[in-house]
Amino acid sequence: MFHTPLPAGEGLRLREWTEADAPALSALFDEPEMDRWTPLRAPFDEAAARAYVTRAHERRAAGQALQLAITTDGHTPMGEVLLFVAAGDGSEVELAYGIGALYRRRGLASRAVRLVLPHAFHDTRVRRAVLRIEPANAASAAVARKTGFRLTDEPPVVRESGSRSTSLQTWELRRGAPY
């Protein structure tokens, strides 16, 4: 479902995670804000990072997801942007993102979202892209607004991660809308 080449632009180069990224991935994701706002639980050590990279490659090979390291130089990961199939009929894709604590407040998430949106709508079956955001996550809501997403009136989506249950609002961007 997701085509190559991998996106570059807006001062960013997105790339696939590699096994060698495990230490950097652990450093990015093993922190309180990632634990709070994402399904990734702390501690997120190098073994968890290696397993994460393996799952990312499996999901890409199966055409289910694209999980990309956000870099400015093509090497040093600063965060991640994800794109995955959200509806069984292929009409909806979901995006997600996470930026490491050292790299926040640089516009990396919004730039990365804009870069992957053409991939989101590459398949003509896709009618909308969605973000699922906790109501209290003001930073993520700001990224949604900045990239053209609009909050819907759909009922919250409840997701389970370990022993944690999270209620998420749906933000959408319809095919053809500006971003």
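Here are some notes:
- Carbon + sulfur, % of accessible area of the chain - ligands and nucleic acids excluded, 1.4 Å: 53 percent
- Heavy-atom accessible area per residue - the range 20-144, 1.4 Å, Å²: 43 Å²
- More than 21 Å apart - percent of Cα-Cα pairs taken over the range 40-109: 32 percent
- Lys/Arg +1, Asp/Glu -1 at C-beta; the chain dipole; positive extreme among Gly98, Ala62, Val126: Val126
- Relative contact order of the chain, defined on C-alpha pairs under 8 angstrom at six or more residues apart (%): 19 percent
- Helix-derived mean residue ellipticity, 222 nm - over the chain, DSSP H n ≥ 4, -39500 (n - 2.57), to 500: -8500 deg cm²/dmol
The values are calculated or read from the model by the stated rules, or taken from the named source; none is laboratory data. Predicted model only: the values in this text are computed from it and were never measured. Glycine also receives a Cβ, built like all others from the backbone with ideal geometry; neighbour counts cover every protein chain displayed. For the accessible areas, the whole protein counts, side chains as well, though only heavy atoms, and no ligand, DNA or RNA atoms are used. Shrake-Rupley method; radii C 1.70, N 1.55, O 1.52, S 1.80 Å.
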